[in-house]
Structures are given as C-alpha cells and as structure tokens.
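Here is the structure we will look at.
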Amino acid sequence: MAPRQAHDDQGIYALGVADLPDPLGPPGVRHDVVIAANRLPVRLDGDGGWALSPGGLVTAMTAVMEGRDAVWIGWDGGLGDAADSAPPARFGDMALRSVSLSETDYADYYEGFSNGTLWPLYHNGLLSTRFRRSWWAAYRRVNEKFAKVAIETTEQDGTLWIHDYHLQLMPAFVREARPDIRIGLFLHTPFPPSQLLMRLPWREAITDGLLATDVIGFQTPTDARNFLSLAHRMGRTEEVMPIDPVTEIIVEGRRVAVGSFPISVDVDRIDEMVRDPAAREAANAFRESLGSPKHLLLGVDRLDYTKGIDARLKAFEELLRDGTLDPAEVAFVQVATPSRDDVRGYSNTRTEIEQLVGSINGNYAQLGKPVLHYLHQSLPFEDLVHLFLAADVMLVTPFEDGMNLVAKEYIACRTDGTGVLVLSEFAGTAVELHQALLCNPFDTAGMKRVIETALTLPVEEQRHRVRAMRTHLWANTVHDWAEGFFRHLDDVHPRGQRG
Ligand code: ADP
Ligand code: G6P
C-alpha cells in the first residue's frame, strides 16, 4: 500500500479536518469495502469542531485504509438524530457515514453494555461487571441500527469489516439480510476465558453474533483459544480443523475462520518521522526543558483503569522514597488521554492518579522542577514521537490489554537501538516483544526491580534487545495485519460465492 505521508501535514494526524464534511453522494451509494466501528475516526469535540478519535483502533485503521475506496460507518460523538440527516463526510480517502446515538443509546449501549459490562468483563473482570437487561436491549438495538446502515451501504459481494466489542451482534443481523456480504470482525480487546464469559446472561447471542462472520480475528492465540472454547461449550461447533494460523470451524454448514491477527503499527511512517532531523532536535530541546535529567521515564496511555498508570506511579514513588532514585537525576513524564469520563471507574482512576501525582511532586519536586510531569491531554502524534525519542525508559504496565500499540510505537521510534521498554506480561504485545523487560503490574516490588534494571541496562544490551524487537515489527506491520485479514476473508468466502 502507498505510504501515507501525504496526509500527515494537514490531514489525519495534524487534524486540520477543516475540509470535513465533503459529500459522499446521495444515500444508497454503495461501497466495496465497508468498515464498521462504534466510533468514526473523527469525533465532534465539545466546541462543535472535529478531533481525531482516541485509541489504537483508529490509529491502526486510518493507516491501513489509506488509498482504499471504502466507507467507514460509526458514531460521530454527537447525541440525537441530527447526525442521520447530516451530510456524509470524507476522511482522507475514506467516505464517512455517521450512525446517530440517542441519549438513551449513549447511556445504555455505550456507557452501559459496552463499557460497563463488556469492557470490564473482557479485561478479566478487573472491575466488577454489571449485567442489566435494559443495557442489553440497547446493545441489540444499536447493533441492529449499525447493521441496517451496513446493509444499505455495502455493494453486492462486498466486504464488511467490523471492529471491536461494541458490535458483536451486527454480523448476525447483516448475514440474515445479505448472505452475499463477506463479513470479518476483529476484536481489539482481549477475549476472556470461557469460564468468565459464561457469566454473561446473553452469552449465546454474543457467540452466535460472532459466529455469523466469515473470519473472527483476535489479538493473541490465547484470545482465539478462549473463544473457541466458548463456542465449543455452547455446542456451536460442528467440526474443528486447525489450519495454521487459523482454526476453521463449521457452523451450520458454513466455514468460519478463527485466528490470532496481532495488530501493529505503521513502521515506515514512524521511521520517516523519526529520521527527520527536526524530530531529533525537538526531542533534545524537550529533554533540556526538563533540566536534562540523567534518566527520563515515560508513560503514554488513554486514561483507563486497565492501563496500570497508578501501579507504575506507586512503584516510582517507592523508588524515590527508598532512595533508589535520586529526584535530582530523574524525570517521569506521564501523558494520559482523557477517556470515558462519565463511565463508572474512570473518574475514580483519574482521582487516584492525580492524587499520586500531587503526592509525588509534593514530596520530591524542587521549586520550578517537578519530578513527575503529568498531562491529561491528547497530543498530536508528532509530539508523542518526540517524547518516544527523548525517553530512556518507556513504561507500559497495563493490568490487561488486548495489544498496546504505544509499546510498538516506542520501539519503532528507537532508530539508534537504545532505550528500554518495560512491558506488562498482561499486554498482548508481550506475546511478540519478548526482548522487553517484562513485569507484573500487580507486584509493586517486582516492578521496582524491573525499573531499576531498566535504568542500569548497558547500552549494548539495550541495542541487542531493541534491534530484535524492531526486526519483529518490520516483519509484522499494520499493513501485513490488514492484508492477512483480507486474505483469510477471500479464502473462506470467495467473492460471489453466496447470496
Ligand atoms: P488503546 O487502544 O487502549 O487506547 P493502544 O496503546 O493500543 O491503546 O493505542 C493507543 C493509541 O493512542 C496509540 O496510537 C497512541 O499513540 C495514541 N495515544 C495514546 N496517548 C495519547 C495522547 N495522550 N495523545 C494522543 N494520542 C495518544
Ligand atoms: C480502545 C477500544 C476502541 C475505542 C478506544 C477509545 O482502543 O478498543 O474500540 O474506540 O479504546 O475509547 P472510546 O470509548 O472513547 O471510543
């Protein structure tokens, strides 16, 4: 696929989405490739403008959809019916088609079933999970609404690629009306052990929704195995054939491929950004602005209770308290994108993090020289690249994470091979990046030891590890991920075979 640099200056990443909206054409225009995700790649910000939507799904999909004639169906972040009648918009090469959410949909489908039930359940029950029948009803209703738009928008024998936990019933609605459409679904989150998922009162419907696809992609082999075990327990698999790297199952006489497709990053684009001398200068200037610390540690996350931001801050605080780290020599930068402010669990996490930030700086900063720099903001990707270039140690410590693209972005930026990635064993990324220093975020003493090792790791050892991880990333790019997924769709459901 063509490199995506053309959009970087005024398009997707810098987001002067000033040229939005741009007409897609009259309703009923159909596309060969249709992407469906809860969110569009851009969302309405509070001031009526457009901002890039947060999260790894959007980062990956905007990279791979460049140059393809496709439409992206999703919610634009507004509430009410206005979005349905608003003119469709374009984003880069893609047309956008918005699906409206009412205030009730937002409360019951988005905050409720998606983020109050499924998100904690799929992240291994990190937060107690609530099962409400009204939330489930809204989830069904909104999935049906998305399906209706996809049915209207997809060409005969076209491809529908659905993303994430919000839309797991959508495949069943689409298949019933349009068996010709090739349907894939990729889950960006983990998929929990069947024992945990069995708690869900609507487990059969979720299983059947997923099995209505042609290809179901997960982040890791464990996630794929967990789903296969669920499908087996539900008695849905007529035949099971491991055909590496996927397992094909027969469901009501139909082939369905279930496999692990680890998502990745656009390494060439990142490499191009990093090799610009201005990027290195910006990174140096940034480091100087922090007082040129001997050690610079970095965390970059959406503010989510799954990310273990609090765990890493506690470890950092203890390292300062017991004198292992000297506040005169170290700086820690934590950037946290605002996320799901109104969903249960998020405001508590934010409060806890901000109290830790206050206490760490209160105890260890000097006047005009914080030891911990905390931003609760979304930054342009260029700025993140400068931070990745400047940081000696990157801390990625989620309690549970489907993949974690930030870890891969950091390694993709380290062209000189230096730098240390401290990575949670519970991130999907850890399955691939074995040369990171792995840690258990539930074990503060263990995490402190790993951070200490990271800060004293000889440069030769750093290079050895980073180079191995870079080789892996260059052999498994986000474009390989998408092409692999489309290849399996072609194989399981050749164009024109059904419907
Ligand atoms: P998730 O999808 O759960 O948010 P990932 O690590 O997979 O986690 O993806 C996060 C994406 O969002 C990455 O591409 C990262 O660069 C980007 N990102 C994270 N924090 C920020 C921030 N503060 N500002 C802008 N982008 C961010
Ligand atoms: C994660 C999820 C995405 C989601 C993103 C941002 O990356 O996998 O599906 O879009 O977080 O969350 P939000 O709730 O703001 O869409």
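The values are calculated or read from the model by the stated rules, or taken from the named source; none is laboratory data. Just so you know, these numbers come straight off a predicted model, no measurement behind them. Methodologically, a virtual Cβ is constructed for each residue, glycine included, from the backbone with ideal geometry; neighbour enumeration extends over all protein chains shown.
The table below lists the values:
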{"quantity": "Candidates ASN143, ASN115, ASN124 - the one that is closer than 19 Å to THR189 by Cα, of a type outside the set (Phe, Trp, Tyr) and not in a helix (DSSP H, G or I)", "calculated": "ASN124"}
{"quantity": "Residue count, region 58-96 (criterion: over 20 Å from PHE186 (Cα atoms) and at pLDDT 90 or above)", "calculated": "1"}
{"quantity": "Qualifying residue in region 381-397 (condition: of a type outside the set (A, V, I, L, M, F, W, C), within 16 Å of ligand 2 (Cβ to nearest atom), in the same structural domain as THR456 (by TED's automatic domain parsing) and within 30 Å of PHE191 (Cβ to Cβ))", "calculated": "no"}
{"quantity": "Residues (farther than 14 Å from VAL420 by Cβ and not basic (Lys, Arg)) located in region 435-457", "calculated": "ASN440, PRO441, PHE442, ASP443, THR444, ALA445, GLY446"}
{"quantity": "Any hit, region 45-64, residues being crowded, with 19+ Cβ neighbours inside 10 Å and among the charged types (D, E, K, R)", "calculated": "no"}
{"quantity": "Given (1) more than 18 Å from CYS413 (Cβ to Cβ); (2) surrounded by 15 or more Cβ atoms within 10 Å (Cβ to Cβ); (3) within 12 Å of ligand 1 (Cβ to nearest atom), index of the condition LEU387 fails", "calculated": "(1)"}
{"quantity": "Residue that is nearest to the chain's Cα centre (by Cα), among those in region 147-165 that are in a helix (DSSP H, G or I) and of a type in the set (Ser, Thr, Tyr)", "calculated": "TYR165"}
{"quantity": "Selection from region 281-314 of residues that are more than 16 Å from ligand 2 (Cβ to nearest atom), touching a residue at least 40 places away in the same chain (Cβ under 8 Å) and among the hydrophobic types (A, V, I, L, M, F, W, C)", "calculated": "ALA282, ALA283, PHE286, LEU290, LEU296, LEU297, LEU298, ALA311, LEU313"}
{"quantity": "Yes/no for ALA257 being at pLDDT 95 or above and assigned by TED's automatic domain parsing to the domain that holds PRO120", "calculated": "yes"}
{"quantity": "Leading residue by the ranking (nearest to ligand 1 (Cβ to nearest atom)) among those in region 395-407 that are under 20 Å from GLN462 (Cβ atoms) and more than 12 Å from the chain's Cα centre (by Cα)", "calculated": "VAL396"}
{"quantity": "Filtered residues of region 169-190 (kept if in contact (Cβ under 8 Å) with a residue 40 or more places away in the chain and farther than 17 Å from GLY259 by Cβ)", "calculated": "LEU169, MET170, ALA172, ARG178, PRO179, ASP180, ILE181"}
{"quantity": "Leading residue by the ranking (nearest to ligand 2 (Cβ to nearest atom)) among those in region 324-345 that are under 23 Å from LEU438 (Cα atoms) and part of a loop (DSSP other than H, G, I, E, B)", "calculated": "LEU325"}
{"quantity": "Helices (runs of 4 or more DSSP H) completely within region 171-269 that count 3 or more residues being of a type in the set (D, E, K, R)", "calculated": "203-211, 221-233"}
{"quantity": "Region 143-165: number of residues that are out of contact with any Leu (no Cβ under 7 Å at 6 or more places or on another chain) and either away from ligand 2 (no atom under 16 Å from the Cβ) or within 13 Å of PHE113 (Cα to Cα) (or both)", "calculated": "13"}
{"quantity": "Region 327-339 residues that are at negative phi, paired with ones that are buried (at least 19 other Cβ atoms within 10 Å of the Cβ) and of a type in the set (Phe, Trp, Tyr) (beta carbon under 6 Å, 6 or more apart)", "calculated": "PRO327/TYR364; PHE332/PHE316; GLN334/TYR374"}
{"quantity": "Selection status of GLU400, among the charged types (D, E, K, R), in contact with a His (Cβ under 7 Å, 6 or more places away or on another chain) and crowded, with 21+ Cβ neighbours inside 10 Å", "calculated": "yes"}
{"quantity": "Criterion violated by ILE216 - all others in (1) surrounded by fewer than 17 Cβ atoms within 10 Å (Cβ to Cβ); (2) without any contact (Cβ under 8 Å) to a residue 60 or more places away in the chain satisfied", "calculated": "(1)"}
{"quantity": "Residue count, region 312-334 (criterion: within 16 Å of ligand 1 (Cβ to nearest atom) and surrounded by fewer than 22 Cβ atoms within 10 Å (Cβ to Cβ))", "calculated": "1"}
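Conditions tested, residue by residue: (1) of a type in the set (A, V, I, L, M, F, W, C); (2) within 22 Å of the chain's Cα centre (by Cα); (3) farther than 27 Å from VAL478 by Cβ.
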| residue | (1), (2), (3) |
| --- | --- |
| LEU167 | yes, yes, no |
| ARG175 | no, no, yes |
| PRO190 | no, yes, no |
| PRO193 | no, yes, yes |
| PHE218 | yes, yes, no |
| LEU230 | yes, no, yes |
| GLU248 | no, no, no |
